[in-house]
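J.: Have a look at this one.
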Amino acid sequence: MQPRILEIRRDILKRNDELARRLRQSFLHDGWCVVNLVSSPGTGKTCLLERTLDELRRAGCRVAALVGDLETENDARRLAASGAPVRQINTHGCCHLEAAMVAEHLADWQLPEIDFLFIENIGNLVCTASYDLGESLRVALLSVTEGEDKPLKYPKLFNSADVALITKIDLAEPCQFDRRAAWENIHAVRPGMQIIETSARTGAGMSQWLDLLRRHRHQIRADTVAPRADPTLTSQ
């Protein structure tokens, strides 16, 4: 039975990756910066996203969010208070979001032109690492309350991410969080990956995080409008 199970799993991932590629092409064509936030439960994803949406909107950026949870619409209602368009994805037991879920919830959503689409993934450090959602930026969150060795225990997630955010940094001292060890562990899994220490409560690190997002969107827009090479010139 084991070979058959592996074959089915590979087929599922293959179909997901094919749809994710099509989604990514569509997002890039429209100039959207799509950010996939991934972490274990309790790292403060919703709190961080709440502040991110609010600050980007006040800065004139056009933002929207998809929020993944097994049940309830609590997080979507909380984020909608920012004034940004928000939709909840309930998986009813599935421990991760898939590209098909993203496509389904975007299909009939009459979104205005936007700069950023944030996807708050379900709290899980295993399955979420395997499913591409068509994002242009995957962000792994590590809370100081989780300990410094999470990247070593779940290397696939951190190795598949583009950026790591250490959240709740205002609690580092009472939690006896070893910041140096955390950085070393992240870089042991993904050498050179950018790390930002943040606190959605105090605002620490938020300007650096927002600057990163703006630079990434600017690069996407630059790539979108870049003139294509004239084939008659390149053939000479």
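The values are calculated or read from the model by the stated rules, or taken from the named source; none is laboratory data. Note that the structure is a prediction, hence the values are computed from the model and not measured. Positions of Cβ are backbone-derived with ideal geometry, glycine not excepted, and every protein chain shown enters the neighbour counts.
J.: Out of the residues in region 162-204 that are among the small types (Gly, Ala, Ser) and surrounded by fewer than 20 Cβ atoms within 10 Å (Cβ to Cβ), state the one that is farthest from Phe118 (Cα to Cα).
T.: The residue in question is Ala181.
J.: For region 142-190, give me each residue that is within 23 Å of Cys127 (Cα to Cα) and of a type in the set (Asp, Glu).
T.: Glu146, Glu148, Asp149, Asp162
Yes/no matrix, rows are residues, columns are (1) touching a residue at least 40 places away in the same chain (Cβ under 8 Å); (2) under 18 Å from Trp209 (Cα atoms):
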| site | (1), (2) |
| --- | --- |
| Ala99 | yes, no |
| Val102 | yes, no |
| Gln110 | no, no |
| Phe116 | yes, yes |
| Ser130 | yes, no |
| Thr145 | yes, no |
| Lys153 | no, no |
| Ala161 | yes, yes |
| Asp178 | no, no |
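J.: Next question, about the same structure. Could you list all residues from region 209-228 that are under 13 Å from Val139 (Cβ atoms) and surrounded by fewer than 13 Cβ atoms within 10 Å (Cβ to Cβ)?
T.: Within region 209-228, none qualify.
J.: Also, quick follow-up: Answer yes if at least one residue in region 10-22 is among the aliphatic types (A, V, I, L, M), part of a helix (DSSP H, G or I) and at pLDDT 95 or above, and no otherwise.
T.: Yes, the conditions are met somewhere in region 10-22.
J.: Can you pull out every residue in region 107-139 that is part of a helix (DSSP H, G or I) and within 30 Å of Ile196 (Cα to Cα)?
T.: Cys127, Thr128, Ala129, Ser130, listed by residue number.
J.: Hey, can you tell me all the residues within region 106-156 that are surrounded by 21 or more Cβ atoms within 10 Å (Cβ to Cβ), aliphatic (A, V, I, L, M), under 14 Å from the mean Cα position of the chain (by Cα) and modelled with pLDDT of 95 or more?
T.: Within region 106-156, Leu117, Ile119, Leu133, Val139, Ala140, Leu141, Leu142 meet the criteria.
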